[in-house]
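Scroll down for the structure; my scribbles are underneath it.
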Amino acid sequence: MTLKKIVEILRATVVSDADSSDIDIQGAYSTDLMSNVLYYHAPNSVLITSLVNPQVVQTAEIAGIKIIVFTQNKKPDKDTIELANQKKIPLLITPFNMYIASGKLFQAGLHGIRNN
């Protein structure tokens, strides 16, 4: 799934769009626990979270996450956006909560990361 399609499905605003035209997203993971991201991560995936701090971007980079979606219209601060730009990780803001955002992407064919 492309970034453009994810933006459309989630009615998202792009706040950091680091040359992401060739990203092919294969799965999604929803959590606010960054330790879970490190344990259950999968490359070429999108992280859906309500946390909006720089640690989310740092964790995503380590885990190979390609896109971060912030839920419930939560906006990251300037430092988080700058870090995402440096790491070339697009940041999106959706009005939906984590449950709804995850369900919309699943319904559109983007499956979750298996944790078994």
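The values are calculated or read from the model by the stated rules, or taken from the named source; none is laboratory data. None of the values given here were measured: they were computed from a predicted structure. Backbone-built Cβ (ideal geometry, glycine too); neighbour counts: all protein chains shown. Areas reflect the complete protein model, heavy atoms only, side chains present, ligands, DNA and RNA absent. Shrake-Rupley method; radii C 1.70, N 1.55, O 1.52, S 1.80 Å.
Expressed as a whole percent, the accessible area of the chain that falls on carbon and sulfur atoms is 48 (1.4 Å probe). Restricting attention to the chain, the count of lysine pairs at 8 or more positions apart or across chains with alpha carbons under 22 Å apart stands at 26. Please say if region 65-116 is rounded, prolate or oblate, where rounded means a/c under 1.5 for a ≥ b ≥ c the square roots of the C-alpha gyration tensor eigenvalues, and otherwise the choice is prolate for a/b larger than b/c and oblate otherwise? Oblate is the answer for region 65-116, as a/c is 1.5 or above yet b/c matches or exceeds a/b.
Evaluate E = 1/(1 + (r/R0)^6) for residue 55 and residue 107, where r is the Cβ-Cβ distance and R0 equals 30 Å; express this FRET efficiency to the nearest 0.05. Efficiency at R0 = 30 Å is approximately 0.50.
Of the trypsin sites (Lys or Arg not before Pro) in region 14-116, the ones in a loop by DSSP (not H, G, I, E or B) with at most 11 other beta carbons within 10 Å are 114.
Structural size metrics of the chain, computed from C-alpha coordinates, are Rg and Dmax of 12.3, 36 Å. Its Cα centre serving as origin, region 9-100 has a Cβ charge dipole (Lys and Arg +1, Asp and Glu -1) of approximately 200 debye.
Applying both filters, DSSP loop and at most 15 other Cβ atoms within 10 Å, to the trypsin sites (Lys or Arg not before Pro) of region 4-54 gives 11. The residues of the chain have, on average, 54 Å² of accessible surface per residue, using a 1.4 Å probe with all protein chains present.
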